[in-house]
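Structure record follows, encoded as structure tokens.
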Amino acid sequence: MGWMARAALLAIVVLSLLTGSRPDLVQRRMDQLAAPYAWSAIAWEATYLPTGVGLLIGQVASSPPSGLVQSDLRAYLDGSPDCGTHNADSTAEAPSTCGAASAPTLARAVGDALRDSGASTIGDLLVPPVLFTEAVPPRLLVISPRDRIELTHSVLLRGDVSLAEAESLERSMEQLDVSALVVDIGGISTYPALIPPNGAPASTLGTIAHEWTHAALFLSPLGRAYGSSPDARAINETAADLVAQEVVARIVEDAGAELPQQEADNGGRELRDTMRRIRVTVDALLAERKVPEAEATMEAERQTLVDHGFLIRRLNQAYFAFHGNYAEGPAPSTEVPDLLRALRAQAASLNEFLDRIGRTTSLDELRREVAQRGAS
């Protein structure tokens, strides 16, 4: 091979490295590693779509009477059952142990609260209808670069992936110089939505409303941009959290019930404040290109949190990249939830709120949307 040919070959190799072959390598490697544990949305829909259709028919033809729904909800909420989260031994068919509220009762309660908040309807039917089924949700393998906090890749895994398998996946991915984490998710916006079994009452109701919000935004510009824009993902997830909080508060008030303190606290402000402080420190270190120092800081803080009873398995860039998308998550600032709360206060109805945020796909657009109404 002559020197010109060798130079041309070298140029092609260098160009491929500079133009983004590495992210493709990450995705290919993730797909290879996750293949034995991959969760199939198609298979899940084939199994559970009939359940959702049955719930829809029930809402149209024989929805539970309002008085019975309120009675069941009071017993469900006031009973305050000690419900754990799902685990690897859970099965989709396992009956709920968190009170006696049936799926039609929960669907009616969430649907009524959404209607009362001004969600869109056709006649008496909510659009989209509240459809869900209880099953063990998948887990999620999340990837972030090490030099910044950003969710760049993710893949759904089966819910029965063991701790050893999860840690093996994480170690294998991190050989590509990325930050990796396998996380549990609270639900997923398939249709019908997948809701974890055996959840605490407020958590279950909130998850149903949260996933309904994703379905309501699915065809909007915001919904279509979810997978390709960090801003869109954060706006979408935070909006779903805020709708869930509104719906749960309305259901609890209408039922004349009270939440147990651990649910009313919504996870602990102490932990949220601590995580946000750690996030700000880590962002500053990464901005100075001090990656090892940032990772050492996260591990030291994690150990301190464990000593205080917060059992966090791994605290890394991928952790913050995933959890920072939510209203109460460890984002670098509270601007997104603050703007969305302002937008909700401006909106006369939930439908107006969802319509307006559905048009925004970036933080700048969200700022302009809030400022436009505030100035009018």
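Results, tabulated for the structure shown:
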read-out: Qualifying residue in the stretch 219-238 (condition: under 17 Å from residue 130 (Cα atoms) and assigned to a helix (DSSP H, G or I)); value: no
read-out: Residue, surrounded by the most Cβ atoms within 10 Å (Cβ to Cβ), within the stretch 330-376, restricted to residues that are among the β-branched types (Val, Ile, Thr) and outside any helix (DSSP H, G or I); value: 360
read-out: Candidate set: the stretch 137-179, residues that are part of a loop (DSSP other than H, G, I, E, B) and charged (D, E, K, R); chosen: the one nearest to residue 319 (Cα to Cα); value: 150
read-out: The stretch 120-136, residues that are assigned to a loop (DSSP other than H, G, I, E, B) and buried (at least 24 other Cβ atoms within 10 Å of the Cβ); value: 130, 131, 135
read-out: Unique match (being farther than 24 Å from residue 120 by Cα, aliphatic (A, V, I, L, M) and crowded, with 20+ Cβ neighbours inside 10 Å) among 284, 318, 296; value: 318
read-out: All positions within the stretch 65-92 that are of a type in the set (A, V, I, L, M), at pLDDT 80 or above and touching a helix residue (DSSP H, G or I) at 6+ places or on another chain (Cβ under 6 Å); value: 73, 77
read-out: Some residue of the stretch 190-206 being of a type in the set (A, V, I, L, M, F, W, C), under 25 Å from residue 28 (Cα atoms) and not assigned by TED's automatic domain parsing to the domain that holds residue 355; value: no
read-out: So residue 239, is it crowded, with 18+ Cβ neighbours inside 10 Å, within 14 Å of residue 115 (Cα to Cα) and in contact (Cβ under 8 Å) with a residue 40 or more places away in the chain; value: no
read-out: Index of the failed condition, residue 190 passing every other in (1) among the hydroxyl-bearing types (Ser, Thr, Tyr); (2) touching a residue at least 40 places away in the same chain (Cβ under 8 Å); (3) assigned to a helix (DSSP H, G or I); value: (3)
read-out: Test for residue 194: is it farther than 29 Å from residue 314 by Cα, in contact with a helix residue (DSSP H, G or I) (Cβ under 9 Å, 6 or more places away or on another chain) and not β-branched (Val, Ile, Thr); value: no
read-out: Odd one out for residue 203 among (1) within 24 Å of residue 329 (Cα to Cα); (2) assigned to a strand (DSSP E or B); value: (2)
read-out: Test: residue in the stretch 208-231 that is touching a helix residue (DSSP H, G or I) at 6+ places or on another chain (Cβ under 8 Å), of a type in the set (S, T, N, Q), over 24 Å from residue 77 (Cβ atoms) and not assigned by TED's automatic domain parsing to the domain that holds residue 323; value: yes
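The values are calculated or read from the model by the stated rules, or taken from the named source; none is laboratory data. Not measured: the values here are computed from a predicted model. As a convention, Cβ positions derive from the backbone with ideal geometry for all residues, glycine included, and neighbour counts pool all protein chains shown.
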